[in-house]
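To start, the structure under review is shown below, and the notes come after it.
Throughout, read-outs are computed from the coordinates displayed, never taken from laboratory work. Note that the coordinates shown come from a computational prediction; the quantities given were computed from them, not determined experimentally. Backbone-built Cβ (ideal geometry, glycine too); neighbour counts: all protein chains shown.
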Amino acid sequence: LMIYDTQPFNLSPYGGPITATLTSLIIQEVDQTQNVFFEWNSLDHIPLTDTNQPLTSAYVDYVHGNALEIDSDGNILLSSRHLSEITKINRTTGAIIWRLGGKQNQFTFIGDATMPDVGAFSYQHDIRRLANGHITLMDNGNDFIGAGTRGSRGVEFQLNEQAKTATFVREFRSTPDTVTYYM
């Protein structure tokens, strides 16, 4: 389960209001009798400053998780729109195994024509692991809007988790380019 946990929060250390509202992300796994046997809270693992959202607003949804996938090794792949990041989470300990994309990217992107300061995808949705080991995601490309480079697309990467490389395999685009802001 993905739970958007909205709480009062003091954002004044980040230039925001003392009386702000912050939405964090909680992931839970429950058994057939509704007992929680795994819980992960973004506030315990991801700093607020990793968001692409302004921390000066009265309301901040800093992670905005939008897809979960149980990876082939049993761990969790999380797509976080407001981080522009795919996060791999240890399903036993809750520790972050790696971060792909976003401000804390640990991977080198190979073979994808991207803008140098933006990354290979942004504001994405729908992380999936394919049978061949590759991953696909919906790259909304919001950071590219107005930059004249491309619209939204589906994209496939081959990951080498040990070497921390993400090799571009292919993309699925409309002609002409179409921008899908949030879906």
Checklist entry - For the chain, with equal point scatterers placed on the C-alpha atoms only and solvent neglected, what are the log10 I(q)/I(0) values from the Debye formula at q = 0.10, 0.17 1/Å, to two decimals? => result -0.41, -1.12
Item to check | Coordinate range along principal axes, alpha carbons of the stretch 1-70, Å, largest first | outcome: 43, 21, 16
Item to check | Length released on extending from residue 177 to residue 73, taking residue separation times 0.36 nm less the Cα-Cα span | outcome: 33.9 nm
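What is the extension gain from residue 38 to residue 108, computed as 0.36 nm multiplied by their sequence separation minus the C-alpha to C-alpha distance, in nm to one decimal? Don't skip to the end; give the middle numbers.
Numbers: separation 70, 0.36 × 70 = 25.20 nm, distance 3.09 nm.
That pair, residue 38 and residue 108, stretches by 22.1 nm at full extension.
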Item to check | Peptides ranked, highest mean first, by Cβ atoms within 10 Å: ranges 25-33, 82-90, 43-51, 60-68 | outcome: 82-90, 60-68, 43-51, 25-33
Item to check | Table column - 3J(HN,Hα) (Hz), the stretch 76-93, Karplus curve with 6.51, -1.76, 1.60, x for Gly and Pro | outcome: 9, 9, 10, 9, 10, 4, 7, 9, 6, 9, 9, 10, 9, 10, 5, 6, 9, 9
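Averaging sequence separations of C-alpha pairs under 8 Å and six or more residues apart, then dividing by the length of the chain, give the relative contact order as a whole percent.
Details: 423 pairs, mean separation 23.5, N = 183.
After rounding, I find 13 percent.
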Checklist entry - Based on the Cβ-Cβ distance from residue 93 to residue 18, what FRET efficiency comes out when R0 is 41 Å, to the nearest 0.05? => result 0.75
Next on the checklist: Assuming 0.36 nm per residue, please report the length gained on full extension of the stretch residue 165 to residue 128 beyond their Cα-Cα distance.
Outcome noted: 11.6 nm
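What does DSSP give for the stretch 1-105 in terms of the percent of beta bridges that are antiparallel, rounded to the nearest 5?
Values: 28 of 31 bridges.
Bridges in the stretch 1-105 are about 90 percent antiparallel.
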